[in-house]
Amino acid sequence: MTERGTVLQGRYELDQIIGRGGMAEVWRARDRRLVRDVAVKRLRVDLASDPTFQARFRREAQSAAGLNHPNIVAVYDTGEELDTASDVSVPYIVMELVEGVTLRDVLRDGRKVLPERALEFTKGVLDALAYSHRAGIIHRDIKPANVMLTPSGSVKVMDFGIARAVADTSATMTQTAAVIGTAQYLSPEQARGEKVDNRSDIYAVGCLLYELLVSQPPFKGDSPVSVAYQHVREIPVPPSQLDSEITPDMDAIVMKSLAKAPGDRYQDAREMAADVTRAINGEPVHALLAPVGAEQPTAVQGYHANAPTHVAQRAAVASAPSPVYSPGELDEDEEEPRSKKGIIILASLAGLVVVGMIIALAMLLNPGTPEPEMVTVPSVVGASEVFAVGQVEAAELVPKVEYEAGSEDNQGEVVRQSPEGDAEAEVGSEVVLVVSTGVELFTVPDNLVGMPRADALRVLDDAGFSNVTVRDADPANRQEEPVDAEAGTVTVVNPAEGAEIPADGELELVIATGRSPIPDLTGRTLEVAMDEAKDAGFTEQFEVVYEQTDQVAPGNVFDQTPAAGESHPRNTVINVKVAEAVDTTLPVPELVALTLEAAQQAATDAGFTSPLSVTEEQTDEAEPGTIVSQAPAAGERIEPNVPIEVVVAVGPQLSEMPNLLGLSQEQAGTSLDRAGFTNYRFEDEVTPGAPADTVLEQNIAAGEQVDPETEVVVIMARAPGNSNPNPSDTPS
């Protein structure tokens, strides 16, 4: 038994089981190499023990891995891991881990799905099927449990290829002669065991849409066999008769997709998706139900999207024999109630006891060896496998199914039987039914990916493939155009290498163009831009131009050629422009010799926004009030908000000359000292009639503003014969 923590192939560490089904268990796991959560589906050991199943499963997983669509759960990897308990190599598939709920969970919650939302869900499923059908993959098991609804509301379809792998398995499997698929979503041709195509998926989508609209499947019964019988013979009640919100257009879409004959249904998923889109948009749909025919004994007559809904009376089925199914022939939907099964089983057991008692009593009353009971072997050559098995079992005989290659026309049909039809055989004896497996299949050769186109075509021709188409890869799709692919080589083979198809089956080669979309490098640093270009396959050197701009941060790319998104050869040189910081500095103007006012105006005119920073300096080398120096010097560059420093010339400090007339020499000297004059002298002059020893005259008039260092001459009046012996002395 697989345990938590088991690591598959040294890469996928299993964490916990998040789902179980009839064939497999699904684990949440951690991809150690890519450091991401994934889902790992491992097949049951009893199924994995069949080597034919392993081979088929492996090829189908490879095919599913080639499906790349937003509405399909992506398959990342496949592999095998030895189960140590059983010594069986168990195949597994590594898938995208999708968070959300299945549509089965939504329906189980009992919440009514609005018709518009039901149509939107169905549109997502149809988009996925349209893509898979183009790739040659038929799902064969569309049902609510296989449709995921993500938290964002998008639809993801799961389990591509799994149902097909089971359907193709060998006769040793326990599912031999069984109808594969859930009974409630089984197409009539699947129930009859006939060859199926993409229209069987259309029928299953019709069943899904029916249940989303009215919260119940189109057919219900006590057993899978009874449900399958209704799919083959009965016409469902139109959804509008169960819910008045259902419009005639919705009825038309559902009933057309549920037509018994595949030719009366939508012929492909795109056609049905287009009608669903019309219904969502409120436009008339194109659906018209097929007229009543032999294959549809119960039909909706005169039904049209714009006509009232009414159901015809059920007609009697004339001569067609009813198929008989064994109880193990169908996968019973897990949502069917089990209470009725219990009653049936108890009743069957009681009946067997009664029958046993009657047989025992008869043997006691009639001793001796009875004659073996004989029955007529039914003729089933040309019938489908399921129908033939049912008829043989109904005749109380034991069918043994063998397989051999045949033609496309008789695939799935009984080509011979032993004993032959209408022969007599003992009850319980064996009837061998040989069933055609269809045309011989050829295996798509390995190692095509990476080959030059001509070599791959030659290999396929040698292998017998006659219907090979070639197209160029989409450069925007990295699965089709890997960044390391060499131009002209094969990148994708569809169906995948190892798949089996008829010799004339369509096989597509996708060829590398050597081109990739140019990535968007703007806003990245040059280093990051170069790394992203290399990741996109562009290995040549950049052509780099640096340019001042404020569009992006300095050092980041702000323009590129070629433009982002354009497809170019991967040896293209990419030209980028890298941002440099914009120079916002300004040259300092010449301010020396200007007046302060003129200097301020000159700075403003030059673009400077801050006022001048002014310092005064006494000097006689410049006109007072003019600039004698500046910092920075004229021509240097600084930011416009930085203030320019200037030094303004001012004259010497002036002092007011005091009035000295009439003062004594001592008083005059004191007055001059107080006024700040330091360079003065006294002279005597004999002046008759004047007050002696007083100031008679001064060379600078009183009140005049002069430099304190200016020489001041003071004339003192002296009486005759009384002159100052030192007339020029000044105070020390």
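The values are calculated or read from the model by the stated rules, or taken from the named source; none is laboratory data. Source: prediction; values computed, not measured. Positions of Cβ are generated from backbone atoms using ideal geometry, with glycine treated the same way; all protein chains shown enter the neighbour counts.
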Kindly indicate whether any position in the stretch 244-255 is within 30 Å of the chain's Cα centre (by Cα) and without any contact (Cβ under 8 Å) to a residue 60 or more places away in the chain. no
Residue list for the stretch 100-157, filter: at pLDDT below 90, hydrophobic (A, V, I, L, M, F, W, C) and within 12 Å of L213 (Cα to Cα): none
Pick from the stretch 483-498, criterion more than 23 Å from the chain's Cα centre (by Cα) and of a type in the set (D, E, K, R), ranking: nearest to D531 (Cα to Cα): E486
Residue satisfying condition, being buried (at least 17 other Cβ atoms within 10 Å of the Cβ), modelled with pLDDT under 95 and outside any strand (DSSP E or B), within set A593, A533, A564: A533
Please state which of the following conditions V427 fails to meet, knowing it meets all the rest: (1) buried (at least 19 other Cβ atoms within 10 Å of the Cβ); (2) farther than 30 Å from I501 by Cβ; (3) touching an Asp or Glu at 6+ places or on another chain (Cβ under 6 Å). (1)
Counting only residues in the stretch 658-688 that are over 15 Å from P708 (Cβ atoms) and acidic (D, E), the one nearest to the chain's Cα centre (by Cα) is identified as E666
Considering every residue within the stretch 483-495, establish whether at least one is surrounded by fewer than 18 Cβ atoms within 10 Å (Cβ to Cβ) and either within 30 Å of A579 (Cα to Cα) or without any contact (Cβ under 8 Å) to a residue 24 or more places away in the chain (or both). yes
Please pick out the residue among T522, T539 that is among the β-branched types (V, I, T), surrounded by fewer than 20 Cβ atoms within 10 Å (Cβ to Cβ) and at pLDDT below 90. T539
Does the stretch 212-242 hold any residues that are over 20 Å from R192 (Cβ atoms) and touching a Lys or Arg at 6+ places or on another chain (Cβ under 9 Å), and which are they? L212, S215, D222
Would you please name the residue that is modelled with the lowest pLDDT, looking only at residues in the stretch 363-388 that are surrounded by 12 or more Cβ atoms within 10 Å (Cβ to Cβ), over 19 Å from E426 (Cβ atoms) and not small (G, A, S)? V386
Kindly provide the set of residues from the stretch 685-703 that are touching a Leu at 6+ places or on another chain (Cβ under 9 Å) and modelled with pLDDT of 90 or more, ordered by number. E685, T694, V695, L696, E697, Q698, A702
Residue identified as modelled with pLDDT of 90 or more, surrounded by 15 or more Cβ atoms within 10 Å (Cβ to Cβ), in contact with a Ser or Thr (Cβ under 7 Å, 6 or more places away or on another chain) and outside the structural domain of A130 (by TED's automatic domain parsing) among L14, L67: L14
If we keep only residues of the stretch 499-519 that are surrounded by 15 or more Cβ atoms within 10 Å (Cβ to Cβ) and modelled with pLDDT under 90, then the residue nearest to E543 (Cα to Cα) is A499
Out of A425, A473, A395, which single residue is farther than 30 Å from R515 by Cα and modelled with pLDDT of 90 or more? A425
Residue count for the stretch 396-416, restricted to those that are surrounded by 17 or more Cβ atoms within 10 Å (Cβ to Cβ) and aliphatic (A, V, I, L, M): 3
Failed criterion for E396 (all others in (1) of a type outside the set (F, W, Y); (2) assigned to a strand (DSSP E or B); (3) closer than 12 Å to V377 by Cβ hold): (2)
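Tell me which strands (runs of 3 or more DSSP E) are completely within the stretch 613-652 and hold 2 or more residues being within 30 Å of T710 (Cβ to Cβ), in contact with a Cys (Cβ under 6 Å, 6 or more places away or on another chain) and at pLDDT below 90, or say none if there are none.
Numbers: elements: 613-618, 627-631, 645-650.
In the stretch 613-652, there are no strands (runs of 3 or more DSSP E) which contain 2 or more residues that are within 30 Å of T710 (Cβ to Cβ), in contact with a Cys (Cβ under 6 Å, 6 or more places away or on another chain) and at pLDDT below 90.
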Conditions first: (1) assigned by TED's automatic domain parsing to the domain that holds A701; (2) assigned to a helix (DSSP H, G or I). A599 passes all but one, so which condition is the exception? (1)
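Evaluate the following for P658: is it in contact with a helix residue (DSSP H, G or I) (Cβ under 6 Å, 6 or more places away or on another chain), in a loop (DSSP other than H, G, I, E, B) and not aliphatic (A, V, I, L, M)?
Judged against the criteria, P658 is a match.
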Being in contact with a strand residue (DSSP E or B) (Cβ under 8 Å, 6 or more places away or on another chain) and without any contact (Cβ under 8 Å) to a residue 40 or more places away in the chain narrows it down to one residue among T609, T619; which is it? T619
Hey, D559 on the phi < 0 side of the Ramachandran plot and loosely packed, with under 12 Cβ neighbours inside 10 Å or not: no
Identify the residue in the stretch 435-467 that is part of a strand (DSSP E or B) and either polar (S, T, N, Q) or at pLDDT 95 or above (or both) and, among all such residues, is nearest to A135 (Cα to Cα). T443
Conditions (1) closer than 27 Å to G282 by Cα; (2) among the small types (G, A, S); (3) surrounded by fewer than 18 Cβ atoms within 10 Å (Cβ to Cβ); number of the one not met by A118: (3)
